[in-house]
Structures are given as C-alpha cells and as structure tokens.
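Undergrad: Dropping the structure in here first, questions after.
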Amino acid sequence: MKPSGEAIIGVVLIVVALAWIIFVDSRSQRSTIDANNIEIAKYRKDSIQSAQKRMEDSLFAMLPAKKIQIKHPDWSNDDCRKLQEKQIWIGMDIEMVKFLCGNKFKVNVSNAGYGNDYQYHWDGKTVENFYCKSDGIVYAYN
C-alpha cells in the first residue's frame, strides 16, 4: 500500500516542526552559554582587581609610608607615599605640611573681606610659605 499524499505532507510537517524546535532550542542554549560566559568574565575581572588591590595593600604595609598612615588613618595610601617621599602639592592638608616641616612655624592671618586666609611660615625650609583658607587645604606655596 502506498502512503497517501496527505500522510507524506503530515510526515514532512512533523520533520520540519522537529527541526525548528531543535534549531530554536540550540540557539537558546547558546545564549544561555554566552550569558554564563559574560558572568564568568565579570567574576574573573573582579577577582583579578581584588587580588591586585590585596597585593598593593600588602606591599604598602611593608613601606615606611604605612607607619605614617597608622598615625594618620584618615590620610590615603597615596598621600602617605607622597609624604614619605617628602613631596608637597596643592590640595594637601596643612596637617600634612606640619608633619613634613615640623611644628615650629608662624601663622599670619589676613582677611580681605572674603574670609580668613592663613599663611603658614617655616624658616629655613626650601619651601617656606604655605597658604590655605579655614578648611586647611593648601592652595599655594612658595
């Protein structure tokens, strides 16, 4: 007995439907794999960054700058490294200048109508004068 035309069409439709289901399912698995790979890549990046931070922190702990930060915990690692290297910069706190230059200084206060300006003066230093407002942030030195 020969299969009828309707039976052949039915079988073809079933095969096409199964092929379509397999195709769609494989694409969804690929997108799931891609999403998992993205999550894994983010996790690896975060892990690498945290490992680098731990390594920097452990190296910093061995530096003399760490002793500065122990005494002044509100100062950043970077600020303590600069202080250890005896650097000065605009934006540093006047307390950092006192740490570098010592406590024998003179303070001149002036007011030109815009609030107090403070000139901290150290005799015999390469940089003798530091200028700041009442917030204690150095805005100039000479």
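Undergrad: Can you go through D57, D34 and tell me which one is among the acidic types (D, E), farther than 30 Å from V127 by Cβ and at pLDDT below 70? Even if it seems obvious, please write down each step before you answer.
TA: Working: D57 fails: at pLDDT below 70.
Only one candidate passes the filter, namely D34.
Undergrad: Just checking, how many residues over segment 92-142 are within 25 Å of P73 (Cβ to Cβ) and β-branched (V, I, T)?
TA: 4
Undergrad: Among the listed residues E95, E128, which satisfies the condition of being among the charged types (D, E, K, R) and touching a Phe, Trp or Tyr at 6+ places or on another chain (Cβ under 6 Å)? Working first, answer last.
TA: Working: E95 fails: touching a Phe, Trp or Tyr at 6+ places or on another chain (Cβ under 6 Å).
Answer to the selection: E128.
Undergrad: Evaluate the following for R81: is it at pLDDT 75 or above and within 26 Å of I137 (Cβ to Cβ)? Quick ask: steps written out before the conclusion?
TA: On the way: at pLDDT 75 or above: yes; within 26 Å of I137 (Cβ to Cβ): yes.
So R81 passes the test.
Undergrad: Sticking with this one: Residue by residue through segment 75-98, note down the ones that are in contact (Cβ under 8 Å) with a residue 24 or more places away in the chain and within 13 Å of K125 (Cβ to Cβ).
TA: Correct list: I88, V97.
Undergrad: Please state which one of D117, D135 is charged (D, E, K, R), modelled with pLDDT of 90 or more and assigned to a strand (DSSP E or B).
TA: On the way: D135 fails: assigned to a strand (DSSP E or B).
Result of the check over D117, D135: D117.
The values are calculated or read from the model by the stated rules, or taken from the named source; none is laboratory data. The structure presented is a predicted model; accordingly, all values stated were derived computationally and were not measured. Glycine also receives a Cβ, built like all others from the backbone with ideal geometry; neighbour counts cover every protein chain displayed.
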